[in-house]
Amino acid sequence: MSVVNHVIEHNVCVISMANKPVNALSKQIRVGLIEAMHVALNNDNVNAIVITSELALFSAGADITEFSGGDLSPMLPEVLDVIENSTKPVVAAVNGGAFGGGLELALSCHYRVTVEGNKVGLPEVHLGILPGAGGTQRLPRLLPAAQALQMIVSGAPTKASHIPSLFEKVVDASSLLKVAIELAVDVASKPIPRASDVKLSMNKETEEVISQTQAMVDAKSRGFFAPSHCIKAVKAAFELPFAEGLKREGELFMECMNTPQARAQQHFFFAERAAGALPTIAKDTATRDIKSVGIIGAGTMGGGIAMNFANAGIPIVMLELEQANLDKGLSVIRRNYENSAKKGKLSAEQVEQRMAMFTGTTEYSDLSDVDLVIEAVFEKMSVKKDVFQTLDKVCKPGAILASNTSTLDLNEIAQSTSRPQDVIGLHFFSPANVMKLLEIVKGEETSDEVIKTSMKLAKTIKKVGVLVGVCFGFVGNRMIEVYGREANRLMLEGATPEQVDAVIYKFGLPMGPFTMGDMAGLDIGYFVRQSRQEFIKHDPSYCTVADELVVAGRVGLKAGKGVYLYESGSRKPIPDAEVIDIAKRRASELGIEQREISEQEILERCIYPLINEGANILSEGIAQRSSDIDVIYVYGYGFPVYRGGPMKYADEIGLSQILERMKHYQATLGEYGEHWFTPSPLLQELVKNEQTFASYQAK
């Protein structure tokens with residue numbers, strides 16, 4: 001069957017798109033649309049045209065796999081020009097989501113009808129570009145300036161009911177095509193209303209809207225290139241005739257396309273989708289039904305994990321050995337939901353529906369019938385093993401036993417059971433009910449069925465699941481350990497915490513390493529270091545200031561002081577001279593000479609070793625692909641998406657630069673550099689072969 005089909009009903013040519021799975025506007029569908037339009041225009045028995053979809057979606061927009069080049073003719077703007085300049089009226093029957101080029105296609109039609117509850121949008125800004133097929137010129141002609149700007153700059157989907165001026169009719173899905181054909185018949189003899197014929201001019205009100213939008217972009221979109229260009233394109237709609245506005249839109253589109261931000265954001269688009277692929281697992285591998293879940297631990301992490309399942313309508317049995325702790329945990333969950341209700345995100349009824357998903361217990365035997373158990377207890381191997389030995393006794397055959405461990409050896413945990421094939425790591429990131437990332441850790445004996453079930457479950461609870469192997473810290477925390485180590489060493493060498501944090505914030509992360517440590521709690525890293533003394537005891541400088549702060553009770557925000565000081569009720573870090581004095585004293589005791597350190601050195605020493613560790617992880621097969629590491633770092637640690645993740649960033653600036661600077665610090669930082677700045681063998685191999693992380697295929 002063709003990707004574009006047409007039939008004639010009641011002197012109306014109904015053109016329907018059928019390019020599975022989402023009607024991406026590929027070359028094939030663009031050619032098909034033009035051919036169908038010409039058939040309709042050249043048929044004297046056709047008085048009007050309807051364009052719709054045979055799929056659930058109207059169209060998800062451009063096929064961005066074509067962005068890499070090739071023969072793209074006819075381009076989408078050419079197709080839309082044929083539609084808009086049709087001598088017969090064209091009605092868009094928008095039966096499902098219309099996004100990007102899909103919405104631009106609907107905008108080029110003369111009339112639009114859609115279904116109740118439908119959403120449309122122009123999400124190009126998330127790919128580092130702007131709507132390039134007339135979206136920035138037609139939408140402001142069909143909507144108020146503020147609404148058009150908001151849709152284009154935010155890229156967020158908008159309910160059709162919120163933009164009534166865009167649609168002639170909003171109807172029940174079952175009657176959409178009938179209504180669209182009736183409308184086409186009705187308007188067949190009337191003058192054709194084209195968006196391009198709408199005259200716009202700049203006035204004070206529009207200038208103010210544009211100014212306010214720019215201020216919002218400046219405040220919330222630091223580092224991104226496309227949002228400001230979106231505003232420029234919309235502004236052109238008010239200042240230039242339609243044809244010139246289209247030309248200006250095209251110029252601004254190409255300026256966006258040729259930026260590292262666009263390359264990074266498009267890389268990440270594909271990376272997120274690739275993360276769910278399991279190339280080593282047979283497609284016909286069965287999955288297990290997860291109809292109920294047990295959560296062990298009702299603390300902050302356990303409660304957050306549980307909320308994900310309640311939100312998805314999956315019942316939870318929550319276990320705490322002490323009734324008081326159980327009651328406290330459930331009350332915190334209720335308070336979280338009630339706070340969401342106060343913000344208008346949930347109704348009172350929805351709060352009660354979600355709380356009804358919870359059953360509290362203090363008895364392990366009440367977990368006997370759940371399909372999945374996730375432990376979220378203290379991060380200590382002996383504690384974890386005790387829990388799993390008990391679960392092995394009480395859980396039914398086929399139940400998945402999952403650990404939320406962030407650093408511990410999952411294989412050792414699994415061996416404490418008689419069914420290691422059913423044990424997997426589900427590492428949620430805090431706050432677990434908010435953060436999108438879920439590291440799914442496969443053990444040596446974890447079955448393919450359990451892995452596939454867990455990846456499917458991640459989607460059910462609206463997480464981005466990334467499969468990783470077993471090592472200390474897996475992917476995310478193994479790399480962040482390197483990053484934190486360097487930040488702390490830089491403080492010994494003379495950089496201030498606020499200087500380091502400022503450099504990292506400027507680079508694009510939401511906060512620097514010292515602020516992050518205070519927010520998470522310095523005691524967390526301290527306990528990890530205590531368990532890893534055999535690997536770090538050779539370096540007496542290793543996070544020595546952080547250790548001293550923890551011993552003194554300065555564990556971060558929760559204590560009112562950590563690396564920084566905090567006023568009561570405030571999260572704003574205040575630099576503390578006492579910490580600088582501690583760093584100076586420890587540096588003197590260790591024979592480390594303090595000096596002025598440049599911003600560039602701070603950036604290189606925090607980010608490049610992190611990338612180097614990512615290369616080691618990749619070569620060891622802990623991550624399936626370099627883009628998986630990028631997904632983990634963007635969603636788990638706030639690495640700026642406009643840099644694509646650490647591995648894409650390395651590819652962008654050149655692996656040879658990473659290698660050269662690693663060798664530089666290895667040679668200039670003495671014994672410390674010799675040990676901690678050893679370049680990854682994979683990094684050296686890729687540079688030698690002039691390859692990138694993206695091109696590397698794990699053996």
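Given 0.36 nm per residue, what is the gain on full extension from MET381 to ASP366 after removing their alpha carbon distance, in nm?
On the way: separation 15, 0.36 × 15 = 5.40 nm, distance 2.39 nm.
Extra length available between MET381 and ASP366 comes to 3.0 nm.
Let's test the formula: R0 of 45 Å, r as the Cβ-Cβ distance of THR460 and LYS537. What FRET efficiency results, to the nearest 0.05? Don't skip to the end; give the middle numbers.
Details: r = 44 Å, r/R0 = 0.97.
After rounding to 0.05, the efficiency reads 0.55.
What lysines could a cross-link reach from LYS204, if we take a straight Cα to Cα line under 18 Å and drop same-chain neighbours fewer than 8 places away?
Counting by Cα, and skipping residues close in sequence, LYS204 has these lysines nearby: LYS232, LYS235.
Tell me the volume per residue, in Å³, of the convex hull enclosing the alpha carbons of the chain. Walk me through the numbers on the way to the answer.
Numbers: hull volume 127.2 nm³, N = 699.
It is 182 Å³ per residue.
Just the number, please: percent antiparallel of the DSSP beta bridges in the chain, rounded to the nearest 5. Let's see the in-between values first.
Numbers: 17 of 61 bridges.
Rounded to the nearest five, the antiparallel share is 30 percent.
Of the options TYR637, LEU410, SER447, report the single residue whose Cα projects farthest towards the positive end of the charge dipole of the chain (beta-carbon charges: Lys, Arg +1; Asp, Glu -1).
TYR637
For the range 4-257, rounded, prolate or oblate, judged on the Cα gyration tensor with a ≥ b ≥ c (square roots of eigenvalues), a/c < 1.5 rounded, else prolate if a/b > b/c?
Numbers: a/c = 1.71, a/b = 1.51, b/c = 1.13.
Prolate, since a/c reaches 1.5 and a/b exceeds b/c.
Rank-order 376-383, 518-525, 301-308 by packing density, defined as the average count of other C-beta atoms within 10 Å over each peptide's residues, highest first. Display every interim value, and only then the final one.
Values: 376-383: 15.6, 518-525: 19.8, 301-308: 24.8.
So the order, starting with the most tightly packed, is 301-308, 518-525, 376-383.
Would you mind ranking HIS427, HIS664 so that the residue whose beta carbon has the fewest other beta carbons within 10 Å leads the list? Walk me through the intermediate numbers first.
On the way: HIS427 26, HIS664 15.
The order, fewest Cβ neighbours first, is HIS664, HIS427.
Read phi for every residue in the range 210-218 and hand back ³J(HN,Hα) as whole Hz from Karplus 6.51 cos²θ - 1.76 cosθ + 1.60, θ = phi - 60°, with x for Gly and Pro.
These are the phi-based 3J(HN,Hα) values: 5, 4, 5, 5, 5, 4, 5, 5, 4 Hz.
Between their Cα atoms, which of LYS328/LYS561; LYS178/LYS456; LYS385/LYS436; LYS27/LYS178; LYS380/LYS462 are more than 31 Å away from each other?
Numbers: LYS328/LYS561 26 Å; LYS178/LYS456 38 Å; LYS385/LYS436 28 Å; LYS27/LYS178 29 Å; LYS380/LYS462 29 Å.
Over 31 Å apart, Cα to Cα: LYS178/LYS456.
Could you give each residue of the range 351-361 its phi-based ³J(HN,Hα) in whole Hz, using Karplus coefficients 6.51, -1.76, 1.60 with θ = phi - 60°, and x for Gly or Pro?
Result, ordered by residue: 4, 5, 4, 6, 5, 5, 6, 9, 10, x, 8 Hz.
Can you bin the range 275-319 into rounded, prolate or oblate? Criterion: square roots of the alpha carbon gyration tensor eigenvalues sorted a ≥ b ≥ c, rounded for a/c under 1.5, prolate for a/b above b/c, oblate for the rest.
On the way: a/c = 2.86, a/b = 2.14, b/c = 1.34.
Prolate, because a/c is 1.5 or more and a/b exceeds b/c.
What distance in nm separates the two pseudo spin-label positions at GLU652 and ARG334, each 7 Å out from Cα along the beta-carbon direction?
With each label placed 7 Å out from Cα toward Cβ, I get 4.7 nm.
Obtain the nm distance between the two label points defined at LYS291 and ASN85 by a simple spin-label model: each point lies 7 Å from its Cα along the Cα-to-C-beta direction.
Going from the LYS291 label point to the ASN85 one covers 6.1 nm.
If you plug each phi of the range 327-337 into the Karplus form 6.51 cos²θ - 1.76 cosθ + 1.60 with θ = phi - 60°, what whole-Hz ³J(HN,Hα) values come out, in order, with x for Gly and Pro?
In residue order, the calculated couplings are 4, 5, x, 5, 5, 5, 4, 4, 4, 4, 5 Hz.
With just the Cα atoms defining each centre, how far is the range 222-268 from the range 416-456? Give it in Å.
41
What list of whole percents do you get for P(r) of the range 477-688, with Cα-Cα distances grouped in 5 Å bins up to the one holding the largest distance?
P(r) over the range 477-688, rounded to whole percents: 1, 7, 15, 20, 21, 17, 11, 6, 2, 0, 0.
So the label point goes 7 Å from the Cα of ASP327 along Cα→C-beta, right? Which residues of the range 350-383 then have their backbone N under 18 Å from it?
Residues 359-363 qualify, since their backbone N sits under 18 Å from the label point.
Starting from the amide H of ILE51, placed 1.01 Å from N in the peptide plane, find each other amide H under 5 Å away whose residue is 5 or more places distant or on another chain.
ILE15, VAL91, ALA92, ALA93
Just want the answer: with Cβ charges of +1 for Lys and Arg and -1 for Asp and Glu, which residue in GLY102, VAL387, GLN530 is farthest toward the dipole's positive end in the chain?
Going by the Cα projections, it comes out as GLY102.
Classify the range 137-219: rounded, prolate or oblate, from the alpha-carbon gyration tensor (a ≥ b ≥ c, eigenvalue square roots; a/c under 1.5 rounded; otherwise prolate if a/b is larger than b/c)? Kindly include the intermediate steps, with their values, before the conclusion.
Working: a/c = 3.97, a/b = 1.75, b/c = 2.26.
Verdict is oblate for the range 137-219.
Out of all DSSP beta bridges with both ends in the range 293-470, state the antiparallel percent to the nearest 5.
Values: 5 of 29 bridges.
Within the range 293-470, antiparallel bridges account for around 15 percent of the total.
We did not get these values from a lab; they are worked out from the coordinates using the rules stated. In this text the structure is predicted, and so the values were computed from the model without any measurement. Quick reminder, even Gly has a Cβ in these numbers, built from the backbone with ideal geometry, and neighbours come from all protein chains shown.
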